[in-house]
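Scroll down for the structure; my scribbles are underneath it.
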Amino acid sequence: MRFVRPPAGASRKPFFSPPGEGLSGSLRAMLFPVVFREKRAPAKFRARASVVKPGCPGGLTFLEMMVTIVILSTGIVAIYRSFVLSLDYQHHLACRLHANLLIDQKVSTMQYAFRHGGEVPLPSAQTAEAVRVGRKDVPFRWAVDLGAVTGADEILQADVALSWQEGKRILQVQRTVYLSQF
């Protein structure tokens, strides 16, 4: 098969014309429904026409952007602040837990010594004991006040206090216990 070039002045129509080219639109759609069906995207994928005021460019102004940034940064600061407060409270609870455990240990040591030796080992005035809580060394300070209970010679009253400093606050856990030899 040989390809023949049309003469220079002739119109370039294809040799094959689609079916129903000369028919009206409705007749063509009725006779050839598949070929001439309009290809449109489904409604959920079609672009919606945006409402733009005449003379206004579509987009955000500088003031709108600044208001958005202020609102977002306020929210981020509030979240950060609550995070820092929760970390501070968690550290406080960890120190309080360690203080209660140290007091329990000191009371049991005092009770054991009083039962078996008759004497109670007292820490010197304001003895400090450093304990690692999390990633920080926290100095706990002891204060023990020992006295006899009136009417009972074998029973002693011990006021044990343990204090530590968190930031500018000085916190204290205190317990009163009774020591006996039986």
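The values are calculated or read from the model by the stated rules, or taken from the named source; none is laboratory data. Quick caveat, the model's predicted, so the values are computed rather than measured. Counting neighbours? That spans all protein chains shown, and the Cβs are built from the backbone with ideal geometry, glycine included. Heads up: the accessible areas ignore ligands, DNA and RNA and are worked out on the full protein's heavy atoms, side chains in. Shrake-Rupley method; radii C 1.70, N 1.55, O 1.52, S 1.80 Å.
Taken over region 107-119, the criterion of being modelled with pLDDT of 85 or more, farther than 23 Å from residue 94 by Cβ and either among the hydroxyl-bearing types (Ser, Thr, Tyr) or in a loop (DSSP other than H, G, I, E, B) (or both) is satisfied by 112 alone.
Name the residues in region 73-119 that are more than 16 Å from residue 160 (Cα to Cα) and either small (Gly, Ala, Ser) or open to solvent by less than 60 Å² (accessible area, probe 1.4 Å) (or both), would you? 73, 75, 78, 82, 86, 91, 92, 94, 95, 117, 118 - these are the residues of region 73-119 that are more than 16 Å from residue 160 (Cα to Cα) and either small (Gly, Ala, Ser) or open to solvent by less than 60 Å² (accessible area, probe 1.4 Å) (or both).
Of all residues being under 14 Å from residue 120 (Cα atoms) and among the small types (Gly, Ala, Ser) in region 151-182, which is modelled with the lowest pLDDT? Just the residue, please. Explain how you work it out, then say what you get.
Residues of region 151-182 that are under 14 Å from residue 120 (Cα atoms), as a first pass: 154-160, 177-181.
With the extra rule that they be among the small types (Gly, Ala, Ser), the set shrinks to 158, 180.
Details: 158: 88, 180: 83.
So, considering only residues that are under 14 Å from residue 120 (Cα atoms) and among the small types (Gly, Ala, Ser), the one modelled with the lowest pLDDT is 180.
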